[in-house]
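Q: Here it is: the structure, laid out below.
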Amino acid sequence: MTHAAAHYTSTGLDNKKLAFWAFIGSECLLFGSLISTYLVYKGRSVVGPTTQEILNIPVTSVSTFDLLMSSLAMVLALAAVAKGDKLWARFWLGATAFLGLVFLGFQFYEFTSFVHEGLTLKTNLFGSTFFVLTGTHGAHVAVGVLWLLTLLVRSFQRKLGPEKALNVEIAGLYWHFVDVVWIVIFTVVYLIQ
Amino acid sequence: MWKWITTTDHKRIGILYGVTAFVFFLIGGLEALFIRLQLAKPENALVSAETFNQLFTMHGTTMVFLAIMPMSAAFFNYIIPLQIGARDVAFPRLNAFSYWVFLLGGLFLNASFLFGAAPDGGWFGYLNLTSRQYSPGINIDFWVLGLQVLGIASLAAGFNFIVTIVNMRAPGMRMMRLPVFTWMTLVTQIIVVTAFPVITVGLVFLMFDRFFGTTFYSVAAGGDLLLWQHLFWLFGHPEVYILILPAMGIVSEVLPTFSRKPLFGYAVVVYSGALIGFMGWGVWAHHMFASGLGPIADSVFGATTMMIAIPTGVKIFNWLATMWGGQIRFTAAMLFAMGFIAMFVIGGLSGVMHSSPPADLQQTDTYFVVAHIHYVLFGGAIQGLFAGIYYWFPKMTGRLLNEKLGKVHFWVMLVGMNLAFFPMHFIGLLGMPRRIYTYRAELGVADMNLVSTIGAHIIAVSLLFFIYNVWRSWRKGEVAGNDPWGGATLEWTIPSPPPEYNFTVIPEVLSRLPRWSVTQMKAIPDVPPEPIHMPGGSYWPVVAAVGIIGMASGAVAHTLWIVLASGALLVFSIFRWAFEPFEV
Amino acid sequence: MSAEHASERAHPGTGTYLAIAAVLFIITLVEVGVFYVPAFKPVLAPVLLVLSGLKFALVVMFYMHLKFDSPLFRLIFTLPLLLALGVGIALMFLFGAFGLGS
């Protein structure tokens with residue numbers, strides 16, 4: 001890892017990285033509240049469709065793999081940027097963004113097929129809690145994809161050298177956190193029905 | 001004017017917060033006066049029931065979110081960098097952003113009055129009163145969206161100050177050498193960034209129910225109205241510690257200075273503050289003792305609530321021990337700090353009375369609770385904040401507030417607040433509920449209500465002395481110099497008001513009380529040894545704030561294109577902000 | 001405190017990252033497998049929670065570098081995480097999960 005032009009800090013840690021970990025801590029409470037509501041309302045819907053009838057485990061498993069692999073792409077992207085390896089940095093940043101878009105594609109497919117099968121935001125408690133929880137997660141993925149594409153553009157503008165590795169690291173923290181939230185959602189919503 | 005709009009200087013932002021918060025405090029106070037005038041006599045007809053609902057809802061919402069929190073933020077902004085030996089906060093543009101979002105959010109909330117549709121569901125918005133079915137108008141839309149906007153401001157500031165306090169301390173300023181005000185601010189910001197997400201989620205659910213027909217709070221769909229109460233109070237209880245801890249921090253600065261004695265048990269006071277912040281997460285359902293939680297939940301939350309009195313009490317004893325044996329100077333700031341202790345103890349006693357579920361069943365939703373709230377928040381937080389104003393006004397303006405006027409302000413306000421709020425204990429126990437626009441004479445509370453109304457007006461009179469004092473002293477007050485009080489902490493080492501860069505040289509700190517300790521720190525030169533570059537301003541924080549309020553306004557107006565256009569403006573301004581050359 | 005980046009101390013290489021990815025892949029396969037095997041029905045929830053907890057920890061410790069970075073980051077992440085867990089469990093109790101009251 002290269003040194004950035006570091007200002008003196010009391011802990012020796014970078015301000016932006018510290019702020020971002022605090023933000024991630026805060027997001028634990030955000031997603032925690034959404035997941036808790038989902039769990040509290042589980043099984044209380046008065047009308048169907050229910051989880052068993054509608055959740056598609058095979059398809060969601062594939063999108064889960066996809067997101068996990070995107071985290072791999074992300075760490076490889078960071079390593080490439082830190083090394084100054086422009087070609088692989090752009091490849092892996094693009095790959096991460098692409099895999100993120102694939103995940104969003106899966107989610108779009110899932111949402112539209114659920115609506116077809118009669119589950120909307122308004123249908124029942126499952127619909128409301130499911131769509132708001134996974135929708136919030138999806139919105140986070142979308143923001144992440146935008147962030148990654150921005151970094152990719154910066155790389156092509158030759159403005160993402162090793163001295164900017166911290167920016168990529170922080171984008172990585174965000175991306176992995178979004179992945180980790182999905183790990184929880186996949187287990188708690190899809191697998192433990 | 002442009003300089004103020006684009007400023008990223010923590011001192012200017014602090015003043016903006018302070019002035020804005022005070023104006024909102026006056027607005028909230030006017031709302032209170034109307035409430036009290038309506039209740040001055042039984043079956044009064046000064047305002048309608050619907051208007052009364054708007055008055056008490058806006059009074060509570062305004063005082064909590066637009067007065068106390070931002071006034072505390074004024075001090076976070078101005079004083080924290082000075083106390084830790086820094087030139088500014090960690091993220092100056094984010095700091096400006098927080099202020100503008102707060103201002104626009106406060107204006108947005110109050111704009112509802114222009115439509116005759118101010119929020120009217122109480123400051124805690126219980127369902128299903130606030131559902132679209134029972135509140136079809138835009139009143140609650142203003143409330144939900146306004147709070148979300150204000151939440152963004154608070155969260156941004158929370159991250160900013162956590163990083164500032166942890167990471168930008170001068171060399172030698174170890175954590176256990178921090179002034180107590182800085183410590184309490186750190187605990188407060190940790191509470192902010194953990195508690196606000198919970199209310200964000202609760203409000204998202206309410207917004208989706210109202211706008212998109214979801215079923216989060218729909219009983220017919222199997223939903224539970226208590227979900228809102230839990231989510232709200234999971235935020236709401238930590239919120240009251242957000243309201244009180246900064247004021248406690250101020251008191252912990254003022255008392256030692258005017259007792260000429262270091263704070264008794266510094267470490268214990270710091271740990272108690274942190275403990276209060278942590279334990280504050282375990283008591284929320286004491287706001288729900290009358291909602292049918294069951295004996296186990298009632299007992300657990302009753303016990304945790306009683307326990308949180310312990311670290312609070314510890315602080316009181318430490319403050320008293322600080323004064324004991326000290327050389328007390330009864331300045332206005334000191335009087336307010338002492339007034340805090342006295343009034344907060346009274347509020348704390350009624351609070352402990354609430355902690356017993358069976359007792360609370362009688363007290364809840366009556367004026368007994370209103371008494372408690374106002375003793376801790378007015379007698380406590382507001383007095384603490386006034387102590388801070390009298391204490392730090394000289395540092396911010398270079399001039400002292402007039403002490404005689406300050407003392408008149410204190411005594412008149414003390415009399416006023418006790419006349420206003422003490423009778424409420426009895427009014428409540430005699431059976432007058434909260435949030436009712438009138439009452440029958442047979443209840444027997446008419447005289448005490450009248451006394452309370454008179455007390456509220458006496459408070460208002462006391463504020464006139466304060467306003468005149470500020471207006472006169474800002475330009476013509478006695479010149480203060482660096483250290484008018486003989487304070488112990490770093491902010492008193494530099495000129496009043498400080499130069500833009502605060503410190504000519506970042507000091508090296510050798511003790512917890514740098515100006516009082518035997519090992520004197522190296523004197524700070526009058527002139528910087530080499531030119532100090534301070535970042536200029538930026539207008540992207542304002543533009544981003546406008547984008548956010550545009551989205552809220554579009555939502556209230558149910559007009560999608562405004563939401564989308566404002567969202568695009570927000571995204572655009574974030575990109576420009578990110579790529580703007582801005583050297584800290 | 002020096003201004004050195006903590007990540008200088010120890011740094012997983014590409015090999016480690018690929019290995020972690022493989023482990024995550026396998027654990028996910030096992031999770032889906034457990035979901036489909038009827039024999040696991042009674043212990044489904046605990047097994048899945050443990051497995052996904054493992055994935056969570058691996059991503060956080062290695063991909064987010066928490067194992068190798070300053071303990072302060074660990075504190076800043078763990079405290080809110082535990083708080084969120086505590087709040088979630090408390091809410092489940094209060095809403096009648098685990099067979100308790102209202």
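Q: Consider B:Leu94 against the criteria (1) surrounded by fewer than 21 Cβ atoms within 10 Å (Cβ to Cβ); (2) under 21 Å from the mean Cα position of the chain (by Cα); (3) more than 11 Å from every other protein chain (Cβ to nearest Cβ): it satisfies all of them except one. Which criterion is unmet?
A: Every condition holds for B:Leu94 apart from (3).
Q: Here is a follow-up. Only one residue in B:Arg169, B:Arg210 is in contact (Cβ under 8 Å) with a residue 24 or more places away in the chain, among the basic types (Lys, Arg) and closer than 30 Å to A:Gly127 by Cβ. Which one?
A: After applying the criteria, what remains is B:Arg210.
Each row is one residue, and each column tells you yes or no for (1) of a type in the set (A, V, I, L, M, F, W, C); (2) over 28 Å from B:Val198 (Cβ atoms).
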residue	(1), (2)
B:Leu234	yes, no
B:Glu239	no, no
B:Pro246	no, no
B:Ile250	yes, no
B:Ser259	no, yes
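Q: Still on this structure, please answer the following. Give just the number: which of (1) assigned to a loop (DSSP other than H, G, I, E, B); (2) of a type outside the set (Val, Ile, Thr); (3) in contact with a strand residue (DSSP E or B) (Cβ under 9 Å, 6 or more places away or on another chain) does B:Gly428 not satisfy?
A: B:Gly428 satisfies every listed condition except (1).
Q: Which of the residues belonging to segment C:54-79 are basic (Lys, Arg) and over 12 Å from the mean Cα position of the chain (by Cα)?
A: Listed by number, the residues that qualify are C:Lys67, C:Arg74.
Q: Additional query: Pairs needed: first member in segment B:445-471, touching a residue at least 24 places away in the same chain (Cβ under 8 Å) and more than 18 Å from B:Phe422 (Cβ to Cβ); second member anywhere, surrounded by 18 or more Cβ atoms within 10 Å (Cβ to Cβ) and of a type outside the set (A, V, I, L, M); C-beta distance under 6 Å; at least 6 residues apart or different chains.
A: Filtered contacts from segment B:445-471: B:Phe465/B:His409; B:Phe466/B:His409; B:Asn469/B:Asn402.
Q: Here are some residues: B:Phe65, B:Phe34. Which one is closer than 26 Å to B:Tyr126 by Cα and surrounded by 23 or more Cβ atoms within 10 Å (Cβ to Cβ)?
A: B:Phe65
Q: Does any residue in segment B:125-136 that is assigned by TED's automatic domain parsing to the domain that holds B:Leu147 come within less than 6 Å, Cβ to Cβ, of a residue that is among the aliphatic types (A, V, I, L, M) six or more places away or on a different chain, and which pairs are these?
A: These pairs meet every condition: B:Leu127/B:Leu225; B:Asn128/B:Leu225; B:Thr130/B:Ile140.
Q: When you look at B:Asn160, is it assigned to a loop (DSSP other than H, G, I, E, B) and assigned by TED's automatic domain parsing to the domain that holds B:Tyr437, yes or no?
A: Judged against the criteria, B:Asn160 is not a match.
Q: Still on this structure: So which residues in segment B:52-91 are within 13 Å of another protein chain (Cβ to nearest Cβ) and of a type in the set (Gly, Ala, Ser)?
A: Correct list: B:Gly85, B:Ala86, B:Ala90.
Q: Please enumerate the residues belonging to segment A:30-53 that are of a type in the set (A, V, I, L, M) and closer than 22 Å to B:Phe232 by Cβ.
A: Within segment A:30-53, A:Leu30, A:Leu34, A:Ile35, A:Leu39, A:Val40 qualify.
Q: Given the criterion closer than 23 Å to C:Leu24 by Cα, away from chain B (no Cβ under 12 Å) and in a helix (DSSP H, G or I), identify the matching residue among A:Ala95, A:Ala165, A:Ala171.
A: Matching residue, one of A:Ala95, A:Ala165, A:Ala171: A:Ala95.
Q: Considering every residue within segment B:71-89, establish whether at least one is touching a residue at least 40 places away in the same chain (Cβ under 8 Å), assigned to a helix (DSSP H, G or I) and of a type in the set (Lys, Arg).
A: No, segment B:71-89 has no match at all.
Q: Spot the failing condition for A:Thr150; the list is (1) surrounded by fewer than 19 Cβ atoms within 10 Å (Cβ to Cβ); (2) in contact (Cβ under 8 Å) with a residue 12 or more places away in the chain; (3) of a type in the set (S, T, N, Q), and only one is missed.
A: If we test A:Thr150 against (1) surrounded by fewer than 19 Cβ atoms within 10 Å (Cβ to Cβ); (2) in contact (Cβ under 8 Å) with a residue 12 or more places away in the chain; (3) of a type in the set (S, T, N, Q), just (2) comes out false.
Q: Restricting to segment B:482-493, what's the tally of residues that are in contact (Cβ under 8 Å) with a residue 24 or more places away in the chain and assigned to a loop (DSSP other than H, G, I, E, B)?
A: Total satisfying the criteria: 7.
Q: For segment B:273-331, which residues satisfy the criterion of being over 21 Å from the mean Cα position of the chain (by Cα), under 28 Å from B:Asp365 (Cβ atoms) and of a type in the set (Ser, Thr, Tyr)?
A: Answer for segment B:273-331, where residues must be over 21 Å from the mean Cα position of the chain (by Cα), under 28 Å from B:Asp365 (Cβ atoms) and of a type in the set (Ser, Thr, Tyr): B:Ser291, B:Ser299, B:Thr304, B:Thr305.
Q: Please enumerate the residues belonging to segment A:40-70 that are in a helix (DSSP H, G or I), touching a Leu at 6+ places or on another chain (Cβ under 8 Å) and hydroxyl-bearing (Ser, Thr, Tyr).
A: A:Tyr41, A:Ser70, listed by residue number.
Q: If you scan segment A:79-107, which residues turn out to be in contact (Cβ under 8 Å) with a residue 40 or more places away in the chain and surrounded by fewer than 23 Cβ atoms within 10 Å (Cβ to Cβ)?
A: Once the filter is applied, which keeps residues that are in contact (Cβ under 8 Å) with a residue 40 or more places away in the chain and surrounded by fewer than 23 Cβ atoms within 10 Å (Cβ to Cβ), segment A:79-107 yields A:Ala82, A:Lys83, A:Gly84, A:Lys86, A:Arg90, A:Gly94, A:Leu101, A:Leu104, A:Phe106, A:Gln107.
Q: With respect to the numbered conditions (1) outside any helix (DSSP H, G or I); (2) hydroxyl-bearing (Ser, Thr, Tyr); (3) surrounded by 18 or more Cβ atoms within 10 Å (Cβ to Cβ), which one is the sole condition not fulfilled by B:Ser291?
A: In the conditions (1) outside any helix (DSSP H, G or I); (2) hydroxyl-bearing (Ser, Thr, Tyr); (3) surrounded by 18 or more Cβ atoms within 10 Å (Cβ to Cβ), B:Ser291 misses (3) alone.
Q: So which of A:Leu34, A:Leu72 ends up being within 8 Å of chain C (Cβ to nearest Cβ), surrounded by 20 or more Cβ atoms within 10 Å (Cβ to Cβ) and not small (Gly, Ala, Ser)?
A: A:Leu72
Q: Something else about it: Hey, among the residues in segment C:50-75 that are more than 7 Å from every other protein chain (Cβ to nearest Cβ), assigned to a helix (DSSP H, G or I) and among the aliphatic types (A, V, I, L, M), which one's farthest from A:Leu68 (Cα to Cα)?
A: C:Leu75
Q: Considering each residue of segment B:168-190, count those that are within 11 Å of chain A (Cβ to nearest Cβ) and either within 15 Å of the chain's Cα centre (by Cα) or in a helix (DSSP H, G or I) (or both), and give that number.
A: Residues meeting the conditions: 3.
Q: Is segment B:368-388 home to any residue that is outside any helix (DSSP H, G or I) and either without any contact (Cβ under 8 Å) to a residue 40 or more places away in the chain or under 20 Å from B:Gly60 (Cα atoms) (or both)?
A: No: zero hits.
Q: Right, here's the next one. Mind checking whether some residue in segment B:212-227 is closer than 23 Å to B:Leu178 by Cα and either away from chain A (no Cβ under 14 Å) or in a loop (DSSP other than H, G, I, E, B) (or both)?
A: Checking segment B:212-227: not a single residue is closer than 23 Å to B:Leu178 by Cα and either away from chain A (no Cβ under 14 Å) or in a loop (DSSP other than H, G, I, E, B) (or both).
Q: I'd like to know if segment B:552-571 contains one or more residues that are part of a loop (DSSP other than H, G, I, E, B), on the phi > 0 side of the Ramachandran plot and loosely packed, with under 13 Cβ neighbours inside 10 Å.
A: Yes, segment B:552-571 has at least one match.
Q: Which residue out of B:Leu569, B:Leu564 is more than 30 Å from B:Arg329 (Cα to Cα) and free of Cβ contacts under 8 Å to residues at least 24 places away in the same chain?
A: None of the other options fit; the residue is B:Leu564.
Q: Now for a different question. Kindly evaluate B:Gly302 against the criterion of being farther than 24 Å from B:Val254 by Cα, in a helix (DSSP H, G or I) and in contact with an Asp or Glu (Cβ under 9 Å, 6 or more places away or on another chain).
A: Yes; evaluated as a whole, the condition is true for this residue.
Q: Looking at (1) within 23 Å of A:Gly172 (Cα to Cα); (2) at the interface with chain A (Cβ under 10 Å from one of its Cβ atoms), find the lone condition where C:Ile26 falls short.
A: (2)
The values are calculated or read from the model by the stated rules, or taken from the named source; none is laboratory data. All values derive from a computational prediction rather than experimental measurement. Don't worry about glycine lacking a Cβ; one is built from the backbone with ideal geometry, like all the others, and counts go over all protein chains shown.
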